[in-house]
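Accompanying notes for the structure given below.
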Amino acid sequence: MPSNPNHRTGLLLTRPEPLARPLAQKIQQAGGKVWVIPALTIEPIIIPPAIIQDLIHQTRWVIFISASAIQLGWPIIQRDLPPDSQLVTIGQPSAERLHKLSGRSVLHPTESQDSEALLKLDWVHHIEGQKILIIKGEGGRPWLKDQLQQRGAIVSELMCYRRLTPQITLKDLQDVLAHHPLINVQSNQTLNHLWDLSGPTLQPQLVQEKLVVHHHRIEQQAKALGFQKIIVIEPGDAALFNLWQNG
């Protein structure tokens, strides 16, 4: 481990600012350099209470797809959620976040942290006729919903936010890239937005930097764009902080 945090590589976080803040503060407190340039922003979707009540009535399982789904979805369903409903997330970091918010037990896959691994959990084999609510953002692939329906579940979706492309200046991004930071992206959509925001001017420089991702699907997309220095780590801020700390 480098003895001086000032000698460590800086870290560029591209997630929405509210989700980046805890890790950014932790790195700053450790004496490190961190930049937050969101490649996408999150806008809450206002949902009438009557629709929420109808969706969660007699719901047995509630699946949260992302950190934003937890942050924005849990507050609007917690009052009317049946006490015997089971909460589910895609990965352990999300499960810990949701447990802290809700005080409830949260199921999650352990062998991998994606929708495919979730479908291998025991409870998924016994869901025929049961109501499942997926809390997610607008858009996204319908694969999980389709798979659960094929197993006989009654599946609804609650879209509680939409992703927007923010306005950033090329100079802001160029100034950060001059420090050659580790660049962290958490989804293919974030990666694509960062690529588009960089444009032809900065894309040749962008692909020369080290890119840190949390899933092989993102790694494949990054390779297709021309990135060559790609590091795949486990999801969660703990793994990212450890990578930065030992970098």
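Specify which residue in the list ALA30, THR89, PRO16 is farthest towards the positive end of the charge dipole of the chain, using unit charges on the beta carbon of Lys, Arg (+1) and Asp, Glu (-1), about the Cα centre.
Farthest towards the positive pole: ALA30.
For the chain, what is the mean residue ellipticity at 222 nm derived from helices alone (per DSSP H run of n ≥ 4: -39500 (n - 2.57); sum divided by total residues; nearest 500 deg cm²/dmol)?
Numbers: 10 runs with 101 residues, N = 247.
When only DSSP H runs of four or more count, the value is -12000 deg cm²/dmol.
Calculate log10 I(q)/I(0) of region 172-247 for q = 0.12, 0.27, 0.28 Å⁻¹, where I(q) comes from the Debye formula with a single equal point scatterer on each Cα and nothing for solvent.
-0.30, -1.41, -1.47
Under the definition of Cα pairs under 8 Å and six or more residues apart, what whole-number percent is the relative contact order of the chain?
Details: 424 pairs, mean separation 56.2, N = 247.
It comes to 23 percent, rounded to a whole number.
Give the lysines reachable from LYS131 as a straight Cα distance under 20 Å; neighbours fewer than 8 places away on the same chain don't count.
Correct list for LYS131: LYS120, LYS145.
Suppose R0 equals 35 Å; then what is the FRET efficiency for ASP122 and GLN228 from their Cβ-Cβ distance, rounded to the nearest 0.05?
E(calc), rounded to 0.05, equals 0.30.
If the reach is capped at under 17 angstrom between alpha carbons, list the aspartates and glutamates near LYS100, excluding any in the same chain fewer than eight residues apart.
Result set, ordered by chain and number: ASP237.
In whole Å, what is the distance between the alpha-carbon centres of region 188-206 and region 15-65?
23
Residues with amide H under 5 Å of GLU157's amide H, sequence separation 5 or more or different chain, H placed in the peptide plane at 1.01 Å from N; which?
Here ILE134 satisfy the definition.
Run the Debye formula on the Cα coordinates of the chain, all scatterers equal and no solvent, and tell me log10 I(q)/I(0) at q = 0.09, 0.11, 0.15 1/Å.
-0.43, -0.63, -1.07
So if a site counts as exposed when it's one of the trypsin sites (Lys or Arg not before Pro), its DSSP state isn't H, G, I, E or B, and it has at most 13 other Cβ atoms within 10 Å, what's the longest stretch of the chain without one?
Within the chain, the longest run free of exposed trypsin sites (Lys or Arg not before Pro) spans 121-228.
Give the whole-number value, in cubic angstrom per residue, of the convex hull volume spanned by the C-alpha atoms of region 43-163.
Dividing the Cα hull volume of region 43-163 by its residues yields 96 Å³.
Are there any GluC sites (Glu not before Pro) in region 125-197 that are in a DSSP loop and have at most 11 other Cβ atoms within 10 Å? List them by number. It would help to have the intermediate numbers written out before the result.
On the way: sites: GLU128, GLU138, GLU157; in loops: GLU128, GLU138.
Sites meeting the loop and neighbour criteria: GLU128.
Under the Karplus relation 6.51 cos²θ - 1.76 cosθ + 1.60, θ = phi - 60°, what is the ordered set of whole-Hz ³J(HN,Hα) values for region 38-43, x standing for Gly and Pro?
Each residue of region 38-43 in turn: x, 8, 8, 10, 10, 10 Hz.
Amide H to amide H under 5 Å from LEU12: which residues, 5+ apart in sequence or cross-chain, H placed 1.01 Å off N in plane?
The list, which skips near neighbours in sequence, is TRP35, LEU182, ILE183, ASN184.
Where a Cα-Cα gap under 27 Å defines reach, which lysines qualify for LYS171, not counting those fewer than 8 residues away within the same chain?
Excluding near neighbours in sequence, the set is LYS26, LYS33, LYS210, LYS223, LYS229.
Apply the Karplus curve 6.51 cos²θ - 1.76 cosθ + 1.60, θ = phi - 60°, to the phi angles in region 219-224 and return the couplings in whole Hz, x for Gly and Pro.
For region 219-224, the Karplus-derived couplings read 4, 5, 5, 5, 4, 5 Hz, x marking Gly and Pro.
So which residue, out of ALA95, ALA117, ALA222, gets the largest mean-square fluctuation from a GNM of the chain using Cα contacts under 10 Å as springs?
Highest fluctuation of the listed residues: ALA117.
Could you run the Karplus curve 6.51 cos²θ - 1.76 cosθ + 1.60 with θ = phi - 60° over region 181-192 and give me ³J(HN,Hα) per residue in whole Hz, x for Gly and Pro?
Those phi angles translate into x, 5, 10, 9, 10, 10, 7, 4, 5, 4, 4, 5 Hz.
Between SER156 and ARG104, what is the FRET efficiency for a Förster distance of 25 Å, r being their Cβ-Cβ separation, to the nearest 0.05?
On the way: r = 20 Å, r/R0 = 0.79.
Approximately 0.80, to the nearest 0.05.
Using unit Cβ charges (K, R positive; D, E negative) and no other charged atoms, how large, in debye to the nearest 20, is the dipole of region 1-156 about its Cα centre?
500
All of the numbers you see were taken from the coordinates with simple rules; none came from a lab. In this text the structure is predicted, and so the values were computed from the model without any measurement. Methodologically, a virtual Cβ is constructed for each residue, glycine included, from the backbone with ideal geometry; neighbour enumeration extends over all protein chains shown.
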